[in-house]
Amino acid sequence: MEDGERETWTTDEFGSCHTGAVGVVLDDGTVPQPVYFEASSGGGGQAVSQWNVYDGRPRRGRRAAALRAVCSCGWIGPEQRLDWDETGDQDLQTAGAGAADTCMRDWDEHTVEVERSAIPLPEAVTVLLAQLEVEVEKLAKSSPLAAIRAARRLEVLAAQTAYWPARDARRDAELDQAAAALGLDESGARALLARFGRWSPYH
């Protein structure tokens, strides 16, 4: 994904390994560079890749021909073409809102596929995790501090139960295999295994 400030999306489980956003495509099929906005004070500025700045107006980005969902993992969604003849006097934020919403839904479907491709959990474990979530949420309504203690116990349990599996996985699986099984990129898989296995991710 191109650099520059813009709205992004993540999921709780996959985090920055699957950071989604609305990408822009120009008429020639290329991806535009970020638009640089100088600060009003004259000191520095900001590079922006937010889709709605690419409306072809002076001092803004080149005019977008289409929007598409993009993900930091390299996945790219289908193009959503923009009809500038129908846009009229509307700004791109308004005229392209429907296409941008479609991009977000496309990325949501991508993350569902990532989840499906990850190593499956036994049904008993999935059910227990769902029950735990419900019970802690119920506890939070009656006793927030008790809910915090329960969450802390879950942190301790995770650290205890994942220690040896992380070390076994480091020994038995290649990093790309671990990343695919966990639905992460290799950097994310390395960091996760290192955290649970209690070694430096830089070794």
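Scanning the stretch 109-131 for residues that are touching a residue at least 40 places away in the same chain (Cβ under 8 Å) and surrounded by fewer than 17 Cβ atoms within 10 Å (Cβ to Cβ), which turns out farthest from Leu157 (Cα to Cα)?
It comes out as Ser117.
What do you reckon, is Ile148 assigned to a loop (DSSP other than H, G, I, E, B) and open to solvent by 80 Å² or more (accessible area, probe 1.4 Å)?
On the way: assigned to a loop (DSSP other than H, G, I, E, B): no; open to solvent by 80 Å² or more (accessible area, probe 1.4 Å): yes.
In short, no.
Would you confirm whether or not the stretch 7-14 contains a residue that is in contact with a strand residue (DSSP E or B) (Cβ under 7 Å, 6 or more places away or on another chain), in contact (Cβ under 8 Å) with a residue 40 or more places away in the chain and surrounded by 14 or more Cβ atoms within 10 Å (Cβ to Cβ)? Before the answer, list the steps.
The first filter runs over the stretch 7-14 and keeps only residues in contact with a strand residue (DSSP E or B) (Cβ under 7 Å, 6 or more places away or on another chain), leaving 7-9.
Add one more test, that the residue is in contact (Cβ under 8 Å) with a residue 40 or more places away in the chain, and what stays is 7, 9.
Still in the running and surrounded by 14 or more Cβ atoms within 10 Å (Cβ to Cβ): 9.
Yes, the conditions are met somewhere in the stretch 7-14.
Looking only at the stretch 53-89, how many residues end up being under 23 Å from His18 (Cβ atoms), out of contact with any Ser or Thr (no Cβ under 6 Å at 6 or more places or on another chain) and either open to solvent by less than 20 Å² (accessible area, probe 1.4 Å) or not charged (D, E, K, R) (or both)?
Count: 11.
Any residue at all in the stretch 90-97 that is open to solvent by less than 60 Å² (accessible area, probe 1.4 Å) and either touching a Pro at 6+ places or on another chain (Cβ under 8 Å) or of a type in the set (Val, Ile, Thr) (or both)?
no
The values are calculated or read from the model by the stated rules, or taken from the named source; none is laboratory data. As the structure is a computational prediction, the values presented were derived from the model and not from experiment. Using ideal geometry, Cβ is built from the backbone for each residue, glycine included, and neighbour counts are taken over all protein chains shown. Areas reflect the complete protein model, heavy atoms only, side chains present, ligands, DNA and RNA absent. Shrake-Rupley method; radii C 1.70, N 1.55, O 1.52, S 1.80 Å.
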